[in-house]
Amino acid sequence: MNIGKLVFAQFMEHLPLTTFRRCVARYGGEHKVKTFSCLDQYLSMAFAQLTYRESLRDIEACLGAQAGKLYHMGIRSNVARNTLANANAVRDWRIYADFAQSLIAIARRLYAGESFGVDLKDTVYALDASTIDLCLSVFPWAPFRSTKAAIKLHTLLDLRGNIPSFLHISDGKLHEVNVLDLLLPEPGAFYIMDRGYIDFDRLYQLHEAKSFFVTRAKSNLKAQRRYSHPVDRSTGLICDQTIVLTGFYSRQDFDTPLRRVRFKDPDTGKRLVFLTNNFILPAFTITELYRCRWQVELFFKWIKQHLRIKVFFGTSENAVKTQIWIAVSVYVLVAIVRKRLGLDASLYQILQILSLTLFEKTPILQALQASDSQEELLDPGNQLILFDF
């Protein structure tokens, strides 16, 4: 069925193009566009992500060298640097944000049955933010410090498959806790956050929505113990308590009991204090849930290493957001292809194979399965490996 098709074309067959066209029409992405369509733009930028291109000139040179294969890649126009730069600067970034969200919905369904290390049927999210430093003179729309600019990627990661279910791009000044105002709480879901997200008024909104949160308590927390529950100290647990907040403002913001779990990490000897509004799960499971929060840290580190989101092809806000959302969609598309084809290779290995075989006419399953049998030849060293179950 795929005889004669480029690996790139076979890979992009997994895109829901009908959904893409709806996103383009929603924001008028092709108004007065004659040749270089939004799909041409997306495929060119996706090619840049898959092959680790560093600049628009780099993209133009590589695709120009394969001009005879552009049509077979799905690109219907020649890719010129100025044309691509103008498209990134002018065409609404929300086209690619909405399209990425549609891919995320597909991926989450595919990975709904995956394990994430804790025996729990409920959906578990890890919430965190990562900062990307920029030059203030080049990116004046993203203020951060007095002498430099930055953007923040606020991400809600579904731990089943490490799929980013929510992503918000802001300037560096926006505090992480404000992102809680943008979330639509999911009843019964767990939200794992670090201490930077402690705002009892916002946490109470999660509680009222029948959602659960797990976070670490600040050292200056003012609370009174109501009950103590028995714990197995051999697991590292110190105590499991029901508390009420006694601080003047915190008591007004969160006037119902909370659960406080003290835990001593057997590996590091560090004492940790967790807060949650869930009184049903065992205390040790609460500590295990917070340990899984580290997956969102690995996600940020991984995408910064393997996707082009630290060096940008344009300097406008629209160009930066376009590039980031296309990078996220490529990440999710690779996860979708991995699941649909039943591959055992890690996401890192799939990206490495694709970067070398995009212009070949090998059936994509054969090309990617070959990586499984040659895993020792593709040792990622100290690289982070996601989707490696």
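The values are calculated or read from the model by the stated rules, or taken from the named source; none is laboratory data. Since this is a predicted model, take the numbers as computed values, not measurements. A quick note on method: Cβ atoms are made from the backbone with ideal geometry, for glycine too, and the neighbour counts reach across all protein chains shown. These area figures cover heavy atoms from the full protein model, side chains too; ligands, DNA and RNA do not enter into them. Shrake-Rupley method; radii C 1.70, N 1.55, O 1.52, S 1.80 Å.
Assorted remarks:
- Annotation: of all residues in the range 211-224 being in contact (Cβ under 8 Å) with a residue 24 or more places away in the chain and of a type in the set (Lys, Arg), the one that is least open to solvent (accessible area, probe 1.4 Å) is 216.
- Check on residue 107, closer than 22 Å to residue 205 by Cα, small (Gly, Ala, Ser) and either crowded, with 20+ Cβ neighbours inside 10 Å or at pLDDT 95 or above (or both): no
- Cβ-Cβ under 6 Å pairs, at least 6 apart or on other chains, the range 318-336 side under 16 Å from residue 142 (Cα atoms), far side assigned to a helix (DSSP H, G or I): 318/89; 319/88; 319/89; 322/88; 322/96
This table checks each residue for (1) of a type in the set (D, E, K, R); (2) under 30 Å from residue 310 (Cα atoms); (3) open to solvent by 40 Å² or more (accessible area, probe 1.4 Å).
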| position | (1), (2), (3) |
| --- | --- |
| 165 | no, yes, no |
| 195 | yes, yes, yes |
| 240 | yes, no, no |
| 248 | no, no, yes |
| 263 | no, no, no |
| 269 | no, no, no |
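- Residue count for the range 78-93 satisfying the condition of being touching a residue at least 60 places away in the same chain (Cβ under 8 Å), farther than 18 Å from residue 20 by Cα and open to solvent by 30 Å² or more (accessible area, probe 1.4 Å): 2.
- Considering 55, 44, the condition of being under 23 Å from residue 351 (Cα atoms), open to solvent by 20 Å² or more (accessible area, probe 1.4 Å) and under 27 Å from the mean Cα position of the chain (by Cα) is satisfied by 55 alone.
- If the condition is being over 19 Å from residue 334 (Cα atoms) and in a strand (DSSP E or B), then the range 157-173 contributes 168, 169, 170, 171.
- Matching residues in the range 179-207 - criterion: being over 19 Å from the mean Cα position of the chain (by Cα) and among the aromatic types (Phe, Trp, Tyr): 200, 204
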